[in-house]
Structure formats: structure tokens, C-alpha cells
1. Under the 0.36 nm per residue contour assumption, what length would be gained going from the current alpha-carbon distance of ALA46 and ARG106 to full extension?
2. Residue-wise, which Karplus ³J(HN,Hα) couplings in Hz belong to the range 32-41, taking 6.51 cos²θ - 1.76 cosθ + 1.60, θ = phi - 60°, and x for glycine or proline?
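The numbers here are math on the coordinates, done by the rules we state, and not lab data. What you see is a predicted model; the values in this text were computed from it and never measured.
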Amino acid sequence: MTTLMGLAPTINAAPSDESAAWQNVSWMEQAACAGRDPELWFTFDADEEATALAVCRSCPVLESCLEDAMHEEGGRGAASRFGIRGGLLPNERFNRYKARAQAERRGAA
Ligand code: SF4
């Protein structure tokens, strides 16, 4: 089965052994995007983007998908994140990363 998440490493960078080991791919078997046109998740067309986001909203593994993306992308800037993952656009994932980092700093203070 081809899932979008299976494409992510080829679009971003080859995953390190650590990230490959971290990924629990079992959730991908339930991905709502499985079997759909991956281009919808990597488009600049607003209608296609809306279609992909609607699929994500109904996805039973949205949280796992998002956490996988957040882990894999780490502290990358918005311009170095690609496609819709976990129901979020690249800039939305970057904003989430920044918010988490700020919350962690406040918690550590
Ligand atoms: S949340 Fe979206 S991108 Fe992630 S597995 Fe589900 S449908 Fe695919």
C-alpha cells in the first residue's frame, strides 16, 4: 500500500536510521489518504488543498500522522517542511513547533 507518509522521506531528506527506527508505520495502514492521489497533499491549488485537508479531518490516525511529522521535521523552518501532514500545512506545523518549544521553555523556567 502506498501512503503519503511513505512518500515523505523521498520528498524531504532520506530518514536517518534513528528516525526510521522511531517511526511506527502500523498507523499508516489506517491512513485515510491511502490509495488517493498524493499530489493533493503536495499541491499549491487551493481547491486540491481543501480536498486533502477534508480527508485529513476524517482520518482515524491524524494524531499519529501529525506526531510523526513533528518528530521527523524537528526544528526545521516552514520553508523546509513540505506537504500536508496530520491535517496541517507546513507553516501550521512550524507554528505548532514554535508554540511547543516556547511552552517547554516556560515549563523549564
Ligand atoms: S492525517 Fe492526512 S496525511 Fe496523515 S495519514 Fe491521515 S489523511 Fe494522510
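1. Values: separation 60, 0.36 × 60 = 21.60 nm, distance 3.64 nm.
Extra length available between ALA46 and ARG106 comes to 18.0 nm.
2. Karplus values, whole Hz, x for Gly and Pro: 5, 8, 4, x, 8, 5, x, 4, 4, 8.
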